[in-house]
Amino acid sequence: MQAVILAAGKGTRLRPLTDDKPKVMVEVDGKPLIEDVFDNLIEVGVDEFVVVVGYKKQKIMERYDDEYRGVPITYAHQREQLGLAHALLQAEPHVDEEFVLMLGDNVFRANLGDVVNRMQEDRADAAFLVEEVPIEEASRYGVCDTNGYGEIVELVEKPDDPPSNLVMTGFYAFTPAIFHACHLVQPSDRGEYELPDAVDLLIQSGRTIDAIRMDGWRVDVGYPEDRDRVEERLSEDGGAEAATTETGES
């Protein structure tokens, strides 16, 4: 199984930590964020990484070269940071089957394997890990509206009036159909090609997208204080290593 990791961001809100390195190389609990991502993905059965790099990409490429813990790494280059859908398209030439997508700045201790298992059941065209948040905070995220079967029927980016309190996390499983949707996305008001817009096109085309509720925790490391929060959580967990639900693979 392939995994695409988005690691091209500058991390401007993490300055000064990112003055000399990309966001995913900021260390948490003694290791770069991207290593925690790699470890989580290996635990759910990933055997090939496609890493989308951009800002100060040489820092990543020089450290890991072409493998991590025996798992081969292919690099795709995003020369301009034009949104997550644009970043994902840079990986398209290297992906030829269903795959998982993970944002390189998220730390998870959660049931990632449940998302992989759902895709392997061939019941859905995509599966996303979603998180319940207080309704007053939902407008800060991509918000999912689901039907009685747990399928996502609408995805709204940062709505003023959220249809639910279920929000996107940074972990997804897709078939290659997502690439076609990304090609159709138009720039948003902020001039970026947004991943939620591509997902919405999948929904409109009749694709089935399952929402898997998160069991555990995750932190999106966007600010220096988030790094402190992650280290506190890891300390509370006894320094637990990347932990996930096992997949059904033999």
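For the reader, a short list of remarks on this structure follows.
- Residue match in the range 74-87 (condition: basic (Lys, Arg), open to solvent by 60 Å² or more (accessible area, probe 1.4 Å) and either more than 16 Å from the chain's Cα centre (by Cα) or under 24 Å from residue 20 (Cβ atoms) (or both)): yes
- Qualifying position, being within 16 Å of the chain's Cα centre (by Cα) and more than 24 Å from residue 223 (Cβ to Cβ), among 177, 127: 127
- Test: residue 195 is hydrophobic (A, V, I, L, M, F, W, C), closer than 30 Å to residue 27 by Cα, crowded, with 19+ Cβ neighbours inside 10 Å and in contact (Cβ under 8 Å) with a residue 12 or more places away in the chain: yes
So that you can scan it fast, the table gives a plain yes or no per residue for (1) without any contact (Cβ under 8 Å) to a residue 12 or more places away in the chain; (2) of a type in the set (A, V, I, L, M, F, W, C); (3) touching a Gly at 6+ places or on another chain (Cβ under 9 Å):
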| site | (1), (2), (3) |
| --- | --- |
| 65 | yes, no, no |
| 85 | no, yes, no |
| 132 | no, no, no |
| 139 | no, no, no |
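- Pairs linking a residue in the range 30-50 that is under 18 Å from residue 1 (Cβ atoms) to a residue that is aromatic (Phe, Trp, Tyr), with Cβ atoms under 6 Å and 6 or more positions apart or on different chains, are 38/68; 40/108.
- Tallying residues that are within 16 Å of residue 125 (Cα to Cα) and either part of a loop (DSSP other than H, G, I, E, B) or open to solvent by 60 Å² or more (accessible area, probe 1.4 Å) (or both) within the range 168-192 yields 3.
- Index of the failed condition, residue 162 passing every other in (1) crowded, with 21+ Cβ neighbours inside 10 Å; (2) more than 17 Å from the chain's Cα centre (by Cα); (3) not in a loop (DSSP other than H, G, I, E, B): (3)
- The set of residues from the range 62-73 being open to solvent by 60 Å² or more (accessible area, probe 1.4 Å) and either among the β-branched types (Val, Ile, Thr) or assigned to a helix (DSSP H, G or I) (or both) comprises 62, 63.
- Among residues of the range 18-32, those that are open to solvent by 10 Å² or more (accessible area, probe 1.4 Å) and over 25 Å from residue 237 (Cα atoms), counted: 3
- Breaking point among (1) out of contact with any Gly (no Cβ under 8 Å at 6 or more places or on another chain); (2) open to solvent by 10 Å² or more (accessible area, probe 1.4 Å); (3) of a type outside the set (D, E, K, R), for residue 117: (1)
- Candidate set from the range 198-209 (those that are part of a helix (DSSP H, G or I) and either on the phi > 0 side of the Ramachandran plot or free of Cβ contacts under 8 Å to residues at least 60 places away in the same chain (or both)); member that is most open to solvent (accessible area, probe 1.4 Å): 204
- Sole residue being under 23 Å from residue 9 (Cβ atoms), open to solvent by 40 Å² or more (accessible area, probe 1.4 Å) and at pLDDT below 90, chosen from 141, 149: 141
- Of the residues 156, 107, the single one that is surrounded by fewer than 24 Cβ atoms within 10 Å (Cβ to Cβ), touching a helix residue (DSSP H, G or I) at 6+ places or on another chain (Cβ under 9 Å) and assigned to a strand (DSSP E or B) is 156.
- Where residue 56 falls short, out of the listed (1) among the basic types (Lys, Arg); (2) open to solvent by 70 Å² or more (accessible area, probe 1.4 Å); (3) modelled with pLDDT under 95: (2)
The values are calculated or read from the model by the stated rules, or taken from the named source; none is laboratory data. Note that the coordinates shown come from a computational prediction; the quantities given were computed from them, not determined experimentally. Note that we place each Cβ from the backbone using ideal geometry, even for glycine, and neighbour counts take in every protein chain shown. Ligands, DNA and RNA are stripped out before the accessible areas are found, and what is left, the full protein with its side chains, is counted by its heavy atoms. Shrake-Rupley method; radii C 1.70, N 1.55, O 1.52, S 1.80 Å.
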